[in-house]
Amino acid sequence: MTDRETDASELLARLAEDERLLDAAYRSVARSFGMPDCAMWVLYFLAIADDPLTQQGLCDLMMYPKQTVNSSVTKLKAQGLVELAPASGMGHGKHVVLTKAGAEAAKDTVLRLRAAEERALASMGREAMARFSQLYRQFREAVQAELASEGFIDAQESGR
């Protein structure tokens with residue numbers, strides 16, 4: 001292994017540990033809200049979405065399996081926090097939307113989480129935020145290109 005590859009391997013290990021610690025923090029937040037991780041993220045993405053979301057749209061954003069998202073939506077629906085609304089032009093498709101109670105619950109939970117995330121980023125300063133975003137995008141694009149060259153993903157997927 002070259003020095004460069006060793007450096008990359010060590011950095012990947014540090015990044016994985018940082019991601020694990022951040023995931024643990026988010027799990028703690030979900031517990032403090034009295035809900036499972038997936039339910040918290042459903043509320044989060046519904047609360048910040050500019051456009052209505054379907055369950056498939058939630059799966060795409062959250063990277064959770066369809067069954068897990070469906071289970072969370074079903075539980076949130078039983079709690080009166082979300083409802084399913086027909087999505088025009090989608091056949092049998094339905095949008096998952098916050099109820100009035102869901103919007104209130106989101107204000108006390110996930111929107112506070114979002115504000116904390118925004119403050120955390122802002123604390124880095126504009127230059128560091130821009131650098132962080134640029135470097136993360138560069139890393140993502142490089143990984144996608146490598147995955148495409150290995151045949152793990154379609155080359156068109158690497159351009160997303």
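The values are calculated or read from the model by the stated rules, or taken from the named source; none is laboratory data. Just so it is clear, the model here is predicted, and its values are computed rather than measured. Glycine gets a Cβ as well: all are built from the backbone with ideal geometry, and neighbour counts include every protein chain shown.
Is it fair to say A155 is in a helix (DSSP H, G or I), closer than 29 Å to S9 by Cβ, over 16 Å from the mean Cα position of the chain (by Cα) and not aromatic (F, W, Y)?
Spelling it out, it is not the case that A155 is in a helix (DSSP H, G or I), closer than 29 Å to S9 by Cβ, over 16 Å from the mean Cα position of the chain (by Cα) and not aromatic (F, W, Y).
If you take the residues of the range 27-41 that are assigned to a helix (DSSP H, G or I) and touching a residue at least 12 places away in the same chain (Cβ under 8 Å), which of them is surrounded by the fewest Cβ atoms within 10 Å (Cβ to Cβ)? I'd like the intermediate steps shown before the answer.
Our first condition is that a residue be assigned to a helix (DSSP H, G or I); within the range 27-41, this holds for 27-32, 37-41.
Pick out the ones that are also touching a residue at least 12 places away in the same chain (Cβ under 8 Å) and you get 29, 38-41.
Values: V29: 18, C38: 21, A39: 23, M40: 22, W41: 22.
Among those residues, the one meeting the criterion is V29.
Scanning the range 79-91 for residues that are farther than 18 Å from Y44 by Cα and out of contact with any strand residue (DSSP E or B) (no Cβ under 9 Å at 6 or more places or on another chain), which turns out modelled with the lowest pLDDT?
Per the criteria, the residue is G91.
Restricting attention to the range 42-52, which residues are closer than 18 Å to R114 by Cβ and surrounded by fewer than 19 Cβ atoms within 10 Å (Cβ to Cβ)? Let's see the steps before the verdict.
Kept after step one, since they are closer than 18 Å to R114 by Cβ, are these residues of the range 42-52: 42-51.
Across the range 42-52, the qualifying residues are F45, A47, I48, A49, D50, D51.
Quick one: would you say L111 is at pLDDT 95 or above, aliphatic (A, V, I, L, M) and under 30 Å from Y136 (Cβ atoms)? Don't jump to the end; show me each part of the working.
Values: at pLDDT 95 or above: yes; aliphatic (A, V, I, L, M): yes; under 30 Å from Y136 (Cβ atoms): yes.
Yes; evaluated as a whole, the condition is true for this residue.
Quickly run through the range 109-135 and pick out the residues that are without any contact (Cβ under 8 Å) to a residue 24 or more places away in the chain, under 19 Å from the mean Cα position of the chain (by Cα) and either closer than 20 Å to R31 by Cβ or not in a helix (DSSP H, G or I) (or both).
R112, A115, A116, E117, A120
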